[in-house]
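Structure, as structure tokens:
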Amino acid sequence: MKNFFQRWVRPQKPEREESHDEKLKRQVSSLYALYSNIIGAEKVILKAGKLDALDLMRSPDVGKRILGLQKVVFEDPIVDQVPSASEIPQILNEIEEELADMLARREVEDRIEKKIAEKMEERHQEYVKEIKMQIIKEDGNNVETPQTLKKYAQLEKLEKIKLTQSMSELLRPASLDEVVGQERAIEALRTKLASPYPQHIILYGPPGVGKTTAARLALEEAKKLKFTPFGEDAPFVETDGATLRWDPRDMTNPLLGSVHDPIYQGARRDLAETGVPEPKPGLATDAHGGILFIDEIGEMDLMLQNKLLKVLEDKRIFFDSAYYDSSDSNVPKYIKKLFEEGAPADFILIGATTRERSDITPAIRSRCAEIYFEPLTPKQIEQIVEQAAAKLEVSLEPAVPRLISEYTIEGRKAVGLLADAFGQALYRTGDADRQAMITCEDIYKVAQASRLTPFVNQKGSQTTAIGKIFGLGVAGYLGSVIEIEAVAFPSAEKGKGHIRFNDTAGSMAKDSVFNAAAVVRKITGQDIANFDIHINIIGGGRIDGPSAGVAIMTAVISAITRRPIRQDVAVTGEISVQGMVKAVGGVFEKAYGARQAGIATLVIPRENEKDIPHGHLGLAIHPVETVEQAMEKLLEEVSAETATA
């Protein structure tokens, strides 16, 4: 019987280049040989006889031989369909996995049975089960079982499956030169890291403008410089401040580390049995020698911010536990070192936030350089879109970058819209070669599916209007244009006019109205009490500061004197009762909001002149000290007849 089996399983040495069928036959023969080596040739024949597979095994047709092999390996008498050419690779792969499982099982079983036989000579049969457990425990290198080996093989198989690179990885800037619109911030970031004495840094700015990417790339550049302390393997450890919480028990602290006492869950079994606490360093120690980047650091727990401050001072993290006994001989060296010397934590902190400076602990701010990232202009969004399209190797309709810039001011969001439109274009055309052009219609469909609306409606124009002016506001790091309008009518009874103003605009805005009323008589010579005046903030916005004073005053004067106001000019500034234009905050951000709305000229207080570069964003910027100077830029001259009318 053995000779019969060996006759059809013995592989033949090829004398020439084999065809696909010949290779397949040799593969099947090899599997038969391997199976016979595992269970024995006699058992193979017996199994084949029971399963009616002998004729299939002898068949010259390779498909039938595979069917016969499938029957005997899986011991499945129901299988009776000869596999097609497309099914053969999958079936052979399943057979190979089953044989691998059998080999692993036989190896483990043989090893255990051999040791059982040795122990059986010394101990009685009733202790066989105990002996098996002892063998597994004594043989520390042989902990695998058929089940674990099979799972390991499955993991190895999964490792070989790779999808294409993710869209975010592909379109992420690969160098600092690719980060658009942040030239000044990046220069500051470079100078603070590329130094023998790098500084801790806090990055402020709106979301999606490249803070995290810039920090990561700045470290890569600093690594290449010989005079910086960063080594080639300096880590960049990233975490999110919104997920970090202070645990007063110090049991869970992923940022600074924690101590797992032996009576708590999570302690190592061997340490718990001997009553030894185990310190576990956190992300701060992982970042040793590199950068610890905390995104949204303003969301971090205040107590944890203070704890982090201590680490920045000591450059080490110390642990404490009532269970630690330095004289205990069971304490491993590394645990003793962590308790007595602490864990190293010499890193550079880079925090990023979309919140205000006041949300960060002043003690941390005082130890960090502060860098502001700027909002992106529509032109910069267009540049980001074109840059991403080049990486995707996709063509765009000429109007697509401008259209995307209308829906977002975030670079990350703009890239996401482009990626969605790319998928939409491929779906629309069914182009497997990825040559589809992204059209404006694709952008509209993506925007409609996501319920997106244009971020800014164009407001500025080359026209004039009576009683209507553009003020400026700021929320966070984004400025915006506030439309203010006023109408004035002679009061029904002289000297008993009324002023009506939005109740929702806020108390400081109302103060600006009364200050403006005090200045109007000085400028126009007319008593405001002789008019019924209605002042409105279009859209019902709330004004938290006094910066709308000049705008409100100008709108009232325009309504009373009938002098039109230029609609391509925006103004910000507090007004004093003496007619002086006083400094306000957020001028830099307000300039961005003005530019977004199509404003060409910006009037600001003289005291804020140094807060904004000349010609910033292409704006004509005019600093003024008095109301009269502001009105020269805002109001157009009219004839006496028009003013009387």
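The values are calculated or read from the model by the stated rules, or taken from the named source; none is laboratory data. Only a predicted model underlies this, so the values are computations on that prediction, with no experimental measurement involved. Note that we place each Cβ from the backbone using ideal geometry, even for glycine, and neighbour counts take in every protein chain shown.
If you go through the stretch 202-243 and keep only what is in a loop (DSSP other than H, G, I, E, B) and among the polar types (S, T, N, Q), you end up with just Thr228.
The number of residues in the stretch 52-72 being in a loop (DSSP other than H, G, I, E, B) and crowded, with 18+ Cβ neighbours inside 10 Å comes to 1. Considering only the stretch 298-320, I want to know if a residue exists there that is touching a Phe, Trp or Tyr at 6+ places or on another chain (Cβ under 8 Å), over 28 Å from Ala597 (Cβ atoms) and among the β-branched types (Val, Ile, Thr). For the stretch 298-320, residues touching a Phe, Trp or Tyr at 6+ places or on another chain (Cβ under 8 Å), over 28 Å from Ala597 (Cβ atoms) and among the β-branched types (Val, Ile, Thr): absent.
Evaluating Arg412 against the criteria (1) in a loop (DSSP other than H, G, I, E, B); (2) at pLDDT 80 or above; (3) touching a Pro at 6+ places or on another chain (Cβ under 9 Å) leaves one unmet condition, (1).
When the stretch 73-118 is filtered for residues that are of a type in the set (A, V, I, L, M, F, W, C) and not in a helix (DSSP H, G or I), the ones remaining, listed by number, are Ile78, Val79, Val82, Ala85.
Of the residues contained in the stretch 582-602, none is found to be surrounded by 21 or more Cβ atoms within 10 Å (Cβ to Cβ), closer than 23 Å to Ile466 by Cα, among the β-branched types (Val, Ile, Thr) and modelled with pLDDT of 90 or more. Checking Ser358, Ser326, Ser321, Ser366 one by one, the residue that is at pLDDT below 85 and either over 20 Å from Pro262 (Cβ atoms) or buried (at least 21 other Cβ atoms within 10 Å of the Cβ) (or both) is Ser358 and no other. Has the stretch 189-209 got any residue that is in contact with a helix residue (DSSP H, G or I) (Cβ under 9 Å, 6 or more places away or on another chain) and over 26 Å from Leu309 (Cα atoms)? Yes; the residues of the stretch 189-209 include at least one that is in contact with a helix residue (DSSP H, G or I) (Cβ under 9 Å, 6 or more places away or on another chain) and over 26 Å from Leu309 (Cα atoms). Within the stretch 613-637, the set of residues being at pLDDT below 85 and in contact with a helix residue (DSSP H, G or I) (Cβ under 8 Å, 6 or more places away or on another chain) comprises His616, Leu617, Gly618, Leu635. Could you list, in sequence order, the residues of the stretch 553-579 that are part of a helix (DSSP H, G or I) and of a type in the set (S, T, N, Q)? Within the stretch 553-579, Thr554, Ser558, Thr561 qualify. Checking each residue in the stretch 85-112 for being farther than 18 Å from Glu75 by Cβ and either within 42 Å of the chain's Cα centre (by Cα) or of a type in the set (S, T, N, Q) (or both) picks out Ser86, Pro89, Gln90, Asn93. Any residue in the stretch 402-412 that is among the β-branched types (Val, Ile, Thr) and surrounded by fewer than 21 Cβ atoms within 10 Å (Cβ to Cβ)? Checking the stretch 402-412: not a single residue is among the β-branched types (Val, Ile, Thr) and surrounded by fewer than 21 Cβ atoms within 10 Å (Cβ to Cβ).
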